[in-house]
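Here is the structure we will look at.
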Amino acid sequence: MTHVVVLGAYGSAGVAVADELAGEPGVELTLFDGGDPGGGLCILRGCMPSKEVLSAAAHRYGVRHDDRLAGTPPTVDLERVVERKNEQTSNFAAHRRAAVRDIADREGVAFHRTDARLVDDHTVRADGREFEADYVVVATGSVPSVPDLPGIDDVEPLTSADVLDATSLPDSGVVMGFGYVGIELVPYLAEAGVDLTVVEHDPRPLEAAPPAFGDELLEIYREEFGVEVLTETRERRVEPTEEGVRLHVECDGRQRAVEAERLFAFTGRRPNLDGLGLENTALDPGEGWVEPTMQARDDERTFVVGDANGIEPILHVAKEQGFRAADNVLAHRDGRAPLPYENVTHRVMFAALGVYPFARVGHTAASAREAGYDPIEVGRRASDDGVFATKAVPRGLARLVVARDGTVLGYQGLHYHADVMAKTMQVAVEGGTDVRELPDRAYHPTTPEILDGLFRAASRELREA
Ligand SMILES: Cc1cc2nc3c(=O)[nH]c(=O)nc-3n(C[C@H](O)[C@H](O)[C@H](O)COP(=O)(O)OP(=O)(O)OC[C@H]3O[C@@H](n4cnc5c(N)ncnc54)[C@H](O)[C@@H]3O)c2cc1C
């Protein structure tokens with residue numbers, strides 16, 4: 001029997017590993033997770049609750065910005081928002097726990113509802129017992145990463161987890177961090193009545209996208225949500241004041257202070273490895289510590305999947321890495337070569353409350369060039385298609401990246417329904433489709449007309465090239 005231990009069975013990555021290996025002939029599986037109530041980040045404090053609360057604010061935004069509707073806009077009832085969010089997440093979490101129980105009922109599987117730690121490379125201690133493993137899978141997720149800014153310990157910054165549970169919010173806030181968490185939660189806070197200043201290090205957000213996308217997002221946040229965004233600005237220190245906090249920042253060599261009631265830290269996440277006993281093992285977390293096969297660089301019998309490896313902390317990646325790790329455990333056991341986990345970039349940020357989501361599938365023109373292509377890039381604005389105006393969502397833009405032989409390489413969209421269109425574009429990109437073979441026929445008037453416009457423009461460029 002090959003004994004596989006999984007640390008973090010309730011998470012998306014851990015449950016994927018467990019589901020693949022449970023009942024596999026010759027495999028004995030021991031699962032650990034002490035999460036309370038148990039259900040993993042996506043369900044309890046990530047994807048699902050964030051979209052739940054955003055949807056309430058999106059409805060308010062819809063009412064507020066449409067001048068055909070009269071009357072005072074309603075306020076976001078935070079008590080009700082959090083109550084409904086809790087109802088939903090506790091249902092989803094119960095479902096996840098039931099799935100883990102079902103896995104544990106299979107032959108050769110044991111589940112211990114407790115956290116565990118490594119006492120040497122392949123020995124795990126939990127509940128006062130030791131478990132010897134042939135393979136260890138670390139799937140312990142991530143925790144908010146709050147920067148070591150002078151004074152930060154004196155001001156108790158609020159993280160995404162605090163915001164999702166908040167039944168009251170301050171009148172004003174200063175925000176550090178404008179990655180996907182900040183981009184999603186800032187309009188929620190604004191719609192809930194918080195007067196916000198965001199500190200952004202770069203000239204614009206969405207650094208991996210062409211600059212036009214970050215510029216558009218800034219315009220939307222400033223004009224539609226009244227958020228002040230200080231770009232190319234760095235935090236220097238923070239201090240408590242009688243009214244709240246004072247954040248000292250620097251821009252272009254000039255110092256200034258931003259005052260607000262609370263500081264929000266949407267400053268990313270780091271692998272949850274503290275207390276795992278890694279110091280008792282050969283593992284050395286840091287740049288390159290996990291191979292594309294999901295094996296730890298320093299121990300081929302330890303696999304690290306999901307947010308715990310810090311490679312690409314998003315849900316579908318966590319799951320797919322879990323499946324790949326499970327396959328590779330069996331490959332290693334059977335003397336076959338483990339395969340790398342490779343994926344086509346597929347990301348969605350629910351910007352502007354999901355009214356103007358940002359989606360990216362596959363290559364940007366820049367990443368295509370880095371990969372050795374000589375791509376064609378075409379663009380279109382949402383305002384080019386009347387349908388967006390008729391739905392009162394006229395902002396935004398989209399780009400399509402195509403190889404010289406016509407193969408669709410990538411799409412980026414910051415516009416209404418871009419999240420849904422990511423699926424169509426995933427099929428086009430991952431299917432290696434020639435743009436000239438894609439049907440140029442959306443039902444009129446529907447928002448995918450923006451994609452047809454891109455396909456036509458790219459086909460024209462190919463003809464003329
Ligand atoms: C605000 C927010 C919004 C997000 N929105 C999206 C989104 O819209 N789309 C998307 O794709 N992604 C989103 N994400 C990211 C997504 O939630 C994560 O990438 C994903 O949930 C990570 O799954 P995981 O299995 O790696 O970790 P987790 O789900 O965190 O699982 C880790 C598990 O390990 C357990 N554990 C910890 N320590 C131990 C131990 N010592 N022993 C045993 N068990 C242990 C924990 O209890 C937990 O159950 C969001 C994240 C946040 C914070």
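Things to note:
- Test for N280: is it outside the structural domain of V174 (by TED's automatic domain parsing), surrounded by fewer than 16 Cβ atoms within 10 Å (Cβ to Cβ) and either at pLDDT 95 or above or touching a Lys or Arg at 6+ places or on another chain (Cβ under 8 Å) (or both): yes
- Leading residue by the ranking (modelled with the lowest pLDDT) among those in region 285-327 that are surrounded by fewer than 17 Cβ atoms within 10 Å (Cβ to Cβ) and among the small types (G, A, S): G286
- Every residue from region 443-465 that is modelled with pLDDT of 95 or more, in a loop (DSSP other than H, G, I, E, B) and of a type outside the set (S, T, Y): H444, P445, P448
- Residue in region 429-438 that is surrounded by fewer than 16 Cβ atoms within 10 Å (Cβ to Cβ), over 23 Å from E216 (Cβ atoms) and either outside the structural domain of R381 (by TED's automatic domain parsing) or under 22 Å from the mean Cα position of the chain (by Cα) (or both) present: yes
- Single condition G34 does not satisfy, out of (1) surrounded by fewer than 23 Cβ atoms within 10 Å (Cβ to Cβ); (2) touching a helix residue (DSSP H, G or I) at 6+ places or on another chain (Cβ under 7 Å); (3) of a type outside the set (D, E): (2)
- Taking the criterion of being among the charged types (D, E, K, R) and touching a residue at least 60 places away in the same chain (Cβ under 8 Å), the residues of region 288-337 that qualify are D299, R301, D307, K319, E320, D327, R333.
- Elements of type strands (runs of 3 or more DSSP E) contained in region 87-202, each with 1 or more residues being under 30 Å from R246 (Cα atoms), within 15 Å of the ligand (Cβ to nearest atom) and in contact with a Phe, Trp or Tyr (Cβ under 9 Å, 6 or more places away or on another chain): 142-144, 172-176
- Output for region 312-331, where each listed residue is aliphatic (A, V, I, L, M) and over 12 Å from the mean Cα position of the chain (by Cα): A325, A326, V329, L330, A331
- Checked against (1) crowded, with 24+ Cβ neighbours inside 10 Å; (2) closer than 25 Å to E79 by Cβ; (3) more than 10 Å from the ligand (Cβ to nearest atom), G46 meets all criteria but (3).
- Selection from region 232-277 of residues that are outside the structural domain of M176 (by TED's automatic domain parsing) and more than 16 Å from the ligand (Cβ to nearest atom): none
- Matching option when the condition is away from the ligand (no atom under 14 Å from the Cβ) and in contact with a Pro (Cβ under 7 Å, 6 or more places away or on another chain), among V82, V63: V63
- Residue check, L414 free of Cβ contacts under 8 Å to residues at least 60 places away in the same chain, buried (at least 16 other Cβ atoms within 10 Å of the Cβ) and closer than 26 Å to A58 by Cβ: no
- Selection of region 341-361 for residues being surrounded by 22 or more Cβ atoms within 10 Å (Cβ to Cβ) and either more than 14 Å from the ligand (Cβ to nearest atom) or at pLDDT below 95 (or both) yields A352, V355, Y356.
- Scope region 1-21; condition more than 9 Å from the ligand (Cβ to nearest atom) and buried (at least 24 other Cβ atoms within 10 Å of the Cβ); matching residues: V4, V5, V17, A18, L21
The values are calculated or read from the model by the stated rules, or taken from the named source; none is laboratory data. Note that the structure is a prediction, hence the values are computed from the model and not measured. Cβ: placed from backbone, ideal geometry, glycine included. Neighbour counts: every protein chain shown.
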